[in-house]
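A.B. asks: First the structure, which I've put down as structure tokens, then a few questions once you've had a look.
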Amino acid sequence: MTRLGIYVQVPFCQTKCTYCNFHTGVVSSARFAPYVDCVCGEIAGHRRLYESAGIRLPAAIADAVVDTIYIGGGTPSLLDPGHLRRIVDAIRSNFAAELMEVTLEADPETVTEEKTAAWVAAGINRVSFGVQSFCDEELKAAGRMHRRADVYRAAAILRRAGITNISFDLIAGLPKQTRATWRESVDSLVELAPEHVSVYLLEVDEGSRLGSEMLRGGNRYSAGDVPDDDAMAEFYETACAVLEAAGYEHYEISNWGRPGFASRHNLKYWRREPYLGFGAGAHSFSGTERWANAHDAAGYVNAITAGRLPMEQLEEMSAESALEEELFLGLRQLAGIDVGRIEREYGVSLDARFARLKSAGLIEQEGSLVRLAPRRVGVSNEVFVELMK
């Protein structure tokens, strides 16, 4: 039986972080309820909306059992708990559901005892915190609303409510970050003992205020205080060592989990398993097609209200693009990829592609299994660029 993941995008925030390049916005809370109405409407009418948009949903997906839900953003914990319950209930009502993992992204300062109790009652059993740093100076420079004390307070509230699966995000490379403050953040995380950890390197691009300022050589948003690439690589290696010593399994380039706590939902992305996305900017994958809704929240509400799917892209997967995804997404997982399976399914030989990577010590092969060399995970982008040549 096919297992299906569902992602729900909530593109609202309290403030725009300086490093953020996501399509999110700061809006009046009065816009939350109409948006949730449309998300629930999209979920309930998804088959008709897909058909009208020319999306061919395979029968195996149409009859699949939903076992993971991920409500992300944005800051979905800003929504009233009743809104979140409506979304989860809409999924239960319109899909066969055997929910193993229901994740809510939350900012620490938004967590209260009352909210958390309502989240648990709605079926949410995993919370992913955008911690980013335990250093107040770094959080302030990045435009974050919470402070170190808020993380400790919020984590305790979740534990008392019975949440036994918590994930923390950290960002290596924030303005004002040093070797000492990074180690303090990683050590503080280990002290709070979340079941799951994600570590991301700061992205520098024109899509964020900080990235744009850095590319211009300016100093706003503390752009002059961003660690260099070598420092970020060192921070990542420090996190790898500390988390391994603390008992976390490094299962994907940016992700660690205690045994049994790898993200079930996110593994679907890396394994190219099917998932459906609802809400503005949400992406979907049926196994043969990828499509995405337009990012503008107001345009999304207008389209769904008018009975249209606000789709901005639809791509039928070619064998070549599917193969590239198998390699790129598969090698992100530290367990590696089964080359024999891929060669049989796609009718190709990958020896030439892997030969130069093996000779450079970037990957290692054991029988049919190929994976990133453990000490080269930090330069994975070099591997992917070379692999796609």
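A.B. asks: Residue by residue through the range 144-178, note down the ones that are in a helix (DSSP H, G or I) and basic (Lys, Arg). Let's see the steps before the verdict.
C.D. replies: Of all residues in the range 144-178, those in a helix (DSSP H, G or I) come to 148-161.
Those that are in a helix (DSSP H, G or I) and basic (Lys, Arg): 148, 153, 159, 160.
A.B. asks: Among the residues of the range 144-164, how many are open to solvent by 20 Å² or more (accessible area, probe 1.4 Å) and either more than 25 Å from residue 227 (Cα to Cα) or not small (Gly, Ala, Ser) (or both)?
C.D. replies: 13
A.B. asks: Please find, within the range 299-312, the residue that is most open to solvent (accessible area, probe 1.4 Å) out of those that are in contact with a helix residue (DSSP H, G or I) (Cβ under 8 Å, 6 or more places away or on another chain) and outside any loop (DSSP other than H, G, I, E, B).
C.D. replies: The residue in question is 305.
A.B. asks: Follow-up question, since we're still on this one. Have a look at 368, 286 and point out the one that is under 30 Å from residue 257 (Cα atoms), among the polar types (S, T, N, Q) and modelled with pLDDT of 95 or more. It would help to see each step written out before you state the result.
C.D. replies: Values: 368 fails: modelled with pLDDT of 95 or more.
Exactly one residue qualifies, and that residue is 286.
A.B. asks: Report, by residue number, each residue of the range 234-252 that is open to solvent by 30 Å² or more (accessible area, probe 1.4 Å) and among the charged types (D, E, K, R).
C.D. replies: 234, 237, 244, 249
A.B. asks: Among the listed residues 327, 334, which satisfies the condition of being closer than 10 Å to residue 370 by Cβ and among the hydrophobic types (A, V, I, L, M, F, W, C)?
C.D. replies: Details: 334 fails: closer than 10 Å to residue 370 by Cβ.
When all the criteria are applied, what remains is 327.
A.B. asks: Being more than 30 Å from residue 76 (Cβ to Cβ), surrounded by 13 or more Cβ atoms within 10 Å (Cβ to Cβ) and of a type in the set (Gly, Ala, Ser), is that true of even one residue in the range 277-295?
C.D. replies: Within the range 277-295 (the criterion being more than 30 Å from residue 76 (Cβ to Cβ), surrounded by 13 or more Cβ atoms within 10 Å (Cβ to Cβ) and of a type in the set (Gly, Ala, Ser)), the answer is no, since none of the residues qualifies.
A.B. asks: Filter the range 206-233 down to the residues that are exposed (fewer than 15 other Cβ atoms within 10 Å of the Cβ) and in a helix (DSSP H, G or I), then identify the one that is modelled with the highest pLDDT. Steps first, please.
C.D. replies: Looking only at the range 206-233, we keep the residues that are exposed (fewer than 15 other Cβ atoms within 10 Å of the Cβ), and these are 206-207, 215-220, 224, 228-230.
From the residues that got through so far, the ones that are in a helix (DSSP H, G or I) too are 215-216, 220, 224, 229-230.
Working: 215: 81, 216: 81, 220: 83, 224: 73, 229: 84, 230: 89.
Only one residue fits best here, namely 230.
A.B. asks: Scanning the range 164-185 for residues that are free of Cβ contacts under 8 Å to residues at least 60 places away in the same chain and within 19 Å of the chain's Cα centre (by Cα), which turns out farthest from residue 144 (Cα to Cα)?
C.D. replies: This residue is 166.
A.B. asks: Restricting to the range 372-384, count the residues that are assigned to a helix (DSSP H, G or I), more than 13 Å from residue 327 (Cβ to Cβ) and open to solvent by less than 50 Å² (accessible area, probe 1.4 Å).
C.D. replies: Start the filter on the range 372-384 by keeping residues that are assigned to a helix (DSSP H, G or I), which leaves 374-384.
From the residues that got through so far, the ones that are more than 13 Å from residue 327 (Cβ to Cβ) too are 374-379, 381-382.
With open to solvent by less than 50 Å² (accessible area, probe 1.4 Å) added as a condition, the list becomes 377-379.
Final tally of qualifying residues: 3.
A.B. asks: Also: Out of the range 142-163, which residues are of a type in the set (Lys, Arg) and in contact with a strand residue (DSSP E or B) (Cβ under 7 Å, 6 or more places away or on another chain)?
C.D. replies: 144
A.B. asks: Suppose we filter the range 42-59 for residues that are over 17 Å from residue 7 (Cβ atoms) and either in a helix (DSSP H, G or I) or open to solvent by 20 Å² or more (accessible area, probe 1.4 Å) (or both); how many remain? Steps first, answer last, please.
C.D. replies: Going through the range 42-59, the residues over 17 Å from residue 7 (Cβ atoms) turn out to be 45, 47-48, 51-54, 56, 58-59.
Now narrow it down to the ones that are either in a helix (DSSP H, G or I) or open to solvent by 20 Å² or more (accessible area, probe 1.4 Å) (or both): 47-48, 51-54, 56, 58-59.
Residues flagged as over 17 Å from residue 7 (Cβ atoms) and either in a helix (DSSP H, G or I) or open to solvent by 20 Å² or more (accessible area, probe 1.4 Å) (or both) within the range 42-59 amount to 9.
A.B. asks: Do you know which of the residues in the range 6-32 that are of a type in the set (Phe, Trp, Tyr) and under 24 Å from residue 89 (Cβ atoms) is modelled with the lowest pLDDT? Please lay out each step first, then the result.
C.D. replies: Here is the first cut: in the range 6-32, the ones of a type in the set (Phe, Trp, Tyr) are 7, 12, 19, 22, 32.
Next, from what is left, pick out any that are under 24 Å from residue 89 (Cβ atoms): 7, 12, 32.
Working: 7: 98, 12: 89, 32: 93.
Applying the filter and picking the extreme gives 12.
A.B. asks: Restricting the range 293-329 to residues that are in contact with an Asp or Glu (Cβ under 6 Å, 6 or more places away or on another chain) and within 18 Å of residue 10 (Cβ to Cβ), which is modelled with the lowest pLDDT?
C.D. replies: Checked the range 293-329; the qualifying residue modelled with the lowest pLDDT is 294.
A.B. asks: Residue 259 versus (1) surrounded by 20 or more Cβ atoms within 10 Å (Cβ to Cβ); (2) touching an Asp or Glu at 6+ places or on another chain (Cβ under 7 Å): which is the lone unmet condition?
C.D. replies: (1)
A.B. asks: Residues that are over 29 Å from residue 254 (Cβ atoms) and open to solvent by 10 Å² or more (accessible area, probe 1.4 Å): find the helices (runs of 4 or more DSSP H) completely inside the range 60-143 holding 3 or more of those.
C.D. replies: 81-94, 113-122
A.B. asks: Which members of the range 192-205 meet the condition of being closer than 16 Å to residue 238 by Cα and modelled with pLDDT of 95 or more? I'd like the intermediate steps shown before the answer.
C.D. replies: Kept after step one, since they are closer than 16 Å to residue 238 by Cα, are these residues of the range 192-205: 197-202.
Answer for the range 192-205, where residues must be closer than 16 Å to residue 238 by Cα and modelled with pLDDT of 95 or more: 197, 198, 199.
A.B. asks: What number of residues in the range 317-371 are in contact (Cβ under 8 Å) with a residue 60 or more places away in the chain, surrounded by 15 or more Cβ atoms within 10 Å (Cβ to Cβ) and not in a helix (DSSP H, G or I)?
C.D. replies: 2
A.B. asks: Still on this structure, I have one more. Check whether at least one residue in the range 186-194 is under 17 Å from the mean Cα position of the chain (by Cα), of a type outside the set (Asp, Glu) and in a loop (DSSP other than H, G, I, E, B), and report yes or no.
C.D. replies: Checked against the condition, which is being under 17 Å from the mean Cα position of the chain (by Cα), of a type outside the set (Asp, Glu) and in a loop (DSSP other than H, G, I, E, B), the range 186-194 yields at least one hit.
The values are calculated or read from the model by the stated rules, or taken from the named source; none is laboratory data. Computed from a predicted structure; not experimentally measured. Methodologically, a virtual Cβ is constructed for each residue, glycine included, from the backbone with ideal geometry; neighbour enumeration extends over all protein chains shown. Just so you know, the surface numbers come from the protein's heavy atoms only, side chains and all, with ligands and any DNA or RNA stripped out. Shrake-Rupley method; radii C 1.70, N 1.55, O 1.52, S 1.80 Å.
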